[in-house]
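Report on the structure given below.
The values are calculated or read from the model by the stated rules, or taken from the named source; none is laboratory data. Please read all numbers here as calculations on a predicted model, not as lab measurements. We place every Cβ from the backbone using ideal geometry, glycine too, and count neighbours over all the protein chains shown.
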Amino acid sequence: MALLRCDFFSDVLGLSTSMTVLLPQRTTAQIGLSGAAADGDPPVLYLLHGLSDDDTVWLRRTSIERYVAPLGLAVVMPQVSRSFYTDEANGNRYWTFLSEELPRVCRDFFRLSDRRADTFVAGLSMGGYGALKWALRDPGRFAAAASLSGCLDLASRVADTTDRPLDPAIWRTVFGGRPVAGTDDDVLSLLDRVNPATLPDLYVCCGTEDHLHADAVRFAEVAGARDVPVTLELSPGGHDWAYWDAKIQDVLAWLPLPANARQR
């Protein structure tokens, strides 16, 4: 595969930012690894980072390049700071950057498919929230979306003034004191407003020892009540990279890719 660290200017953010990108390459002579690539434009996975991370973290703490090489899948990992993939009340427009500018820039820079059947999104923790928010707000873009240990009941966490594991300044920056419940930043509320027939396939996983375990259960319950199909995987694990390195492999195997179909 080709590995690129891409530094570029964002008109939406008004500043230079970065993304890490893996592009498929057909290879046969590498020792210990074979690369695949489609004849046409390759499918793409937007892979989102968590609160304390950046666009390099998936590459540094998992073997994502090795996992995707035989799939012929491009992976785009953007940088969004601690924004919760939101147009911040007192910061920058990271939602607009993610949902509008980033796909356009990627298609300008790289040869990527823009077909819905070839487009996927996944993320961990804050990125799991971002992945499902993007899929629920723009379901026509994606064939599948996955949350690993996602912060999916965000409205309750922002409203809770007694149990705040995060610095409250994050919520002031992102939401400016406004409630999240019932808005387009509330993924549970979004489930009330979507047509299940239009949605991509959804996958939610979380470790049973993770402090966000209840969020995964809550999302699945609300989705079930709204007749929204969700693949739910709850298994032993914490909020850590040992869990995410294992589960991203499950997510990749779950994606509706031609390479996966041939193996089934």
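The residues on offer are Val174, Val204, Val180, and the sole one that is in contact with a Phe, Trp or Tyr (Cβ under 8 Å, 6 or more places away or on another chain), among the hydrophobic types (A, V, I, L, M, F, W, C) and either assigned to a loop (DSSP other than H, G, I, E, B) or farther than 25 Å from Val251 by Cβ (or both) is Val174.
None of Val180, Val194, Val222, Val251 is touching a strand residue (DSSP E or B) at 6+ places or on another chain (Cβ under 9 Å) and surrounded by 14 or more Cβ atoms within 10 Å (Cβ to Cβ) except Val251. Screening Leu212, Leu188 for residues that are buried (at least 19 other Cβ atoms within 10 Å of the Cβ), modelled with pLDDT of 95 or more, in contact with an Asp or Glu (Cβ under 7 Å, 6 or more places away or on another chain) and not polar (S, T, N, Q) leaves exactly one candidate, Leu188.
Test Val222 against the stated conditions and say whether it is assigned to a helix (DSSP H, G or I), under 26 Å from Asn92 (Cβ atoms), β-branched (Val, Ile, Thr) and modelled with pLDDT of 95 or more. Considered against the rule, which asks whether it is assigned to a helix (DSSP H, G or I), under 26 Å from Asn92 (Cβ atoms), β-branched (Val, Ile, Thr) and modelled with pLDDT of 95 or more, Val222 comes out as no. Restricting region 109-141 to residues that are hydrophobic (A, V, I, L, M, F, W, C), more than 8 Å from the chain's Cα centre (by Cα) and farther than 22 Å from Leu23 by Cβ, the residue that is surrounded by the fewest Cβ atoms within 10 Å (Cβ to Cβ) is Leu136.
One residue is enough: does region 57-68 have a residue meeting the conditions part of a loop (DSSP other than H, G, I, E, B) and either of a type in the set (D, E, K, R) or touching a residue at least 12 places away in the same chain (Cβ under 8 Å) (or both)? Yes, some residue in region 57-68 is part of a loop (DSSP other than H, G, I, E, B) and either of a type in the set (D, E, K, R) or touching a residue at least 12 places away in the same chain (Cβ under 8 Å) (or both).
At pLDDT below 95, assigned to a loop (DSSP other than H, G, I, E, B) and among the charged types (D, E, K, R) - does that describe any residue in region 21-34? Scanning region 21-34 turns up at least one residue that is at pLDDT below 95, assigned to a loop (DSSP other than H, G, I, E, B) and among the charged types (D, E, K, R). Hey, could you check region 14-36 for residues that are surrounded by fewer than 18 Cβ atoms within 10 Å (Cβ to Cβ) and either touching a His at 6+ places or on another chain (Cβ under 8 Å) or of a type in the set (A, V, I, L, M) (or both) and say which is farthest from Tyr129 (Cα to Cα)? Checked region 14-36; the qualifying residue farthest from Tyr129 (Cα to Cα) is Ala29.
If you go through region 1-30 and pick out every residue that is within 16 Å of Glu65 (Cβ to Cβ) and over 18 Å from the mean Cα position of the chain (by Cα), you end up with 11.
The C-beta contact set for region 124-139 (first residue closer than 15 Å to Ile248 by Cα, second residue among the acidic types (Asp, Glu) and crowded, with 23+ Cβ neighbours inside 10 Å, distance under 6 angstrom, 6+ apart or interchain) is empty. Only a single criterion out of (1) touching a strand residue (DSSP E or B) at 6+ places or on another chain (Cβ under 6 Å); (2) of a type in the set (Ser, Thr, Tyr); (3) not in a strand (DSSP E or B) is not satisfied by Ser16, namely (3).
Considering region 79-94, and only residues there that are free of Cβ contacts under 8 Å to residues at least 60 places away in the same chain and buried (at least 22 other Cβ atoms within 10 Å of the Cβ), the residue that is farthest from the chain's Cα centre (by Cα) turns out to be Val80.
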